[in-house]
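Worksheet for the structure shown next.
The values are calculated or read from the model by the stated rules, or taken from the named source; none is laboratory data. In this text, all values refer to a predicted model and were calculated from it rather than measured experimentally. A quick note on method: Cβ atoms are made from the backbone with ideal geometry, for glycine too, and the neighbour counts reach across all protein chains shown.
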Amino acid sequence: MKVHYDNEVDAVYIKLGSQKPEGVIEISDGVNLDTTSDDKIVGIEILNASKKMNIRTILSYELDLDGKLIRKSA
């Protein structure tokens, strides 16, 4: 999974795989799912992202590896 935030247009894109999207499903105003021809979700686009979510949260992550917690913030 890859997360990209474009601060010029205030948009977050979450890439969920390597497959090329072939369609889009709008699930709410400014929130779109990129899908393949067999309806697999390969990406999530969030427009006006800073109004819909805490941008700092999406740009940080936690990994729980064998009971050890690793945190990283952008």
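Of everything in the stretch 1-49, what is of a type in the set (Gly, Ala, Ser) and out of contact with any helix residue (DSSP H, G or I) (no Cβ under 8 Å at 6 or more places or on another chain)? Give them in sequence order. Full working, then the answer.
Of all residues in the stretch 1-49, those of a type in the set (Gly, Ala, Ser) come to 11, 17-18, 23, 28, 30, 37, 43, 49.
17, 18, 23, 28, 37, 43, listed by residue number.
Got at least one residue in the stretch 48-65 being under 14 Å from the mean Cα position of the chain (by Cα), in a strand (DSSP E or B) and modelled with pLDDT of 90 or more? It would help to see each step written out before you state the result.
Step one: filter the stretch 48-65 for residues under 14 Å from the mean Cα position of the chain (by Cα), giving 48-50, 52-61.
Checking the rest, the ones that are also in a strand (DSSP E or B) come to 60-61.
Then drop every residue that is not modelled with pLDDT of 90 or more, which leaves none.
No; the residues of the stretch 48-65 include none that is under 14 Å from the mean Cα position of the chain (by Cα), in a strand (DSSP E or B) and modelled with pLDDT of 90 or more.
Restricting attention to the stretch 5-47, which residues are small (Gly, Ala, Ser) and in a strand (DSSP E or B)?
Restricting attention to the stretch 5-47, the residues satisfying the condition of being small (Gly, Ala, Ser) are 11, 17-18, 23, 28, 30, 37, 43.
Those that are small (Gly, Ala, Ser) and in a strand (DSSP E or B): 11, 23, 28, 43.
I need the full set of residues from the stretch 2-42 which are in contact with a Phe, Trp or Tyr (Cβ under 9 Å, 6 or more places away or on another chain) and surrounded by fewer than 14 Cβ atoms within 10 Å (Cβ to Cβ), in order please. Spell out how you get there, then give the answer.
In the first step, residues of the stretch 2-42 are kept if they are in contact with a Phe, Trp or Tyr (Cβ under 9 Å, 6 or more places away or on another chain); the result is 2-6, 11-13, 34.
Passing the criteria: 2, 4, 6.
Can you tell me which of (1) surrounded by fewer than 14 Cβ atoms within 10 Å (Cβ to Cβ); (2) at pLDDT 95 or above; (3) of a type in the set (Asp, Glu) is the one residue 45 doesn't meet?
(1)
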